[in-house]
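Chemist: The structure is given below, and queries will be raised subsequently.
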Amino acid sequence: MTRISKVFKALEEQGKKALIPYITAGDPTKEATVPMMHALVEAGADIIELGVPFSDPMADGPTIQLACERALEHGTSLRDVLAMVAEFRQKDSETAVVLMGYLNPVEAMGYQTFVDAAVSAGVDGVLMVDLPPEEASDVDSIFKDAGLDVVYLIAPTTTDKRIESIGKSGSGYVYYVSLKGVTGSKALDVDDVARNLERIRAHVSIPVGVGFGIQDAETAAKVAAVSDGVIVGSAIVNRIAANADNPQQGIDEVSALVSGMRSAMDAGGAKGA
């Protein structure tokens with residue numbers, strides 16, 4: 001059982017849902033990333049999605065595009081990101097870490113070289129935005145043979161046939177993109193999310209996390225009520241950006257946001273128990 005599977009199993013036994021924050025590695029500085037990761041865990045994160053900076057993040061909106069730009073200005077590389085995970089693991093052996101990004105940096109490093117380094121660093125899974133399951137058979141096996149979960153995206157427009165394929169190929173969890181468009185969108189209809197999750201679960205047996213449009217504790221609680229996990233990205237990255245000149249202030253504001261989401265999610269679960 002992978003670390004990600006253990007996290008979801010433990011949460012299910014506790015009647016809780018996973019809180020999965022996203023940050024871009026190296027934003028606003030390389031030195032701030034590992035302290036931010038630890039702060040996220042202290043605030044209630046169960047899994048951390050750690051973004052690998054890329055020069056052409058086509059699936060992301062302005063918030064995360066700018067985060068990638070800031071990280072790349074500091075020269076943050078894929079090897080730097082792996083080193084950050086290794087440093088994080090010196091103090092935390094339980095929180096799952098998923099690298100989220102694009103295929104190009106992995107290809108440039110070499111798949112087997114990347115996998116060996118990722119496993120050594122303590123990475124648990126990968127989410128490559130531009131690696132659809134239809135094109136992933138060879139790469140997928142390299143990841144999974146090494147014990148890395150492969151997380152795939154499902155959108156509101158994804159067909160049942162493709163959801164079924166993702167259900168067979170994916171592991172750890174699937175990431176349901178709750179809105180059409182890029183990251184950072186705001187108009188979230190939780191009832192619509194619930195209807196789509198019912199359709200997804202007819203074909204997917206692993207947990208389903210929901211991201212896009214989750215800006216505050218109230219929305220996080222509503223999404224947690226219908227999903228297995230709440231994924232929060234732009235709301236966190238916005239706070240980091242607003243405090244780029246004062247990383248500790250950014251950490252404090254992000255901690256407050258995530259802590260509030262954790263409390264609201266857990267309270268909602270207690271009411272439904």
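Derivation of every value follows stated rules applied to the coordinates shown; laboratory data play no part. Predicted model, so just to flag it, every value in this text is computed and none were measured. So basically every Cβ, Gly included, is an ideal-geometry build from the backbone, and we count neighbours across all protein chains shown.
Chemist: How many angstrom lie between the C-alpha centres of segment 44-123 and segment 1-27?
Modeler: 17
Chemist: Taking other Cβ within 10 Å of each residue's Cβ, how do Ile47, Ile240 sort, fewest first?
Modeler: Numbers: Ile47 28, Ile240 23.
Placing the least packed residue first, the sequence is Ile240, Ile47.
Chemist: Moving on. Given R₀ = 41 Å, FRET efficiency for Glu135-Glu94 by Cβ-Cβ distance, to 0.05?
Modeler: Taking R0 as 41 Å, the efficiency between Glu135 and Glu94 is 0.80.
Chemist: Next question. Gain in length, Ser205 to Asp245, computed as 0.36 nm per residue apart minus the alpha-carbon separation, to one decimal in nm? Mind dumping the intermediate values first?
Modeler: On the way: separation 40, 0.36 × 40 = 14.40 nm, distance 4.37 nm.
Gain on extension, Ser205 to Asp245, equals 10.0 nm.
Chemist: Sorting check: for 154-164, 13-23, which peptide has the highest mean count of neighbouring beta carbons within 10 Å, and how do the rest follow?
Modeler: Numbers: 154-164: 14.9, 13-23: 20.9.
Highest to lowest by the protection proxy: 13-23, 154-164.
Chemist: Considering Cα pairs under 8 angstrom that are at least six residues apart, work out the relative contact order of the chain and quote it in whole percent.
Modeler: Details: 517 pairs, mean separation 62.8, N = 273.
23 percent.
Chemist: Along the charge dipole of segment 1-134, pointing to its positive end and built from +1/-1 on Cβ of Lys, Arg, Asp and Glu, which listed residue (Gly15, Gln90, Pro133) has its Cα farthest out?
Modeler: The listed residue farthest towards the positive side: Gly15.
Chemist: Output ³J(HN,Hα) for segment 70-87: one whole-Hz value per residue in order, computed from phi by the Karplus curve 6.51 cos²θ - 1.76 cosθ + 1.60 with θ = phi - 60°, and x for Gly and Pro.
Modeler: 4, 5, 5, 4, 8, x, 5, 10, 4, 5, 4, 4, 5, 5, 5, 5, 4, 5
Chemist: Can I ask one more? Students often check this: by mean Cβ neighbours within 10 Å, which of 130-139, 207-216 ranks highest, and how do the rest follow?
Modeler: Descending mean neighbour count gives 207-216, 130-139.
Chemist: In whole Hz, with x marking every Gly and Pro, tabulate ³J(HN,Hα) for segment 113-128 from phi via Karplus 6.51 cos²θ - 1.76 cosθ + 1.60, θ = phi - 60°.
Modeler: 4, 4, 4, 4, 5, 5, 5, 4, 6, x, 6, 9, x, 9, 10, 9
Chemist: Hey, what's the Kirkwood Rh for segment 3-264 if you take every pair of different alpha carbons, in angstrom?
Modeler: The answer is 18.1 Å.
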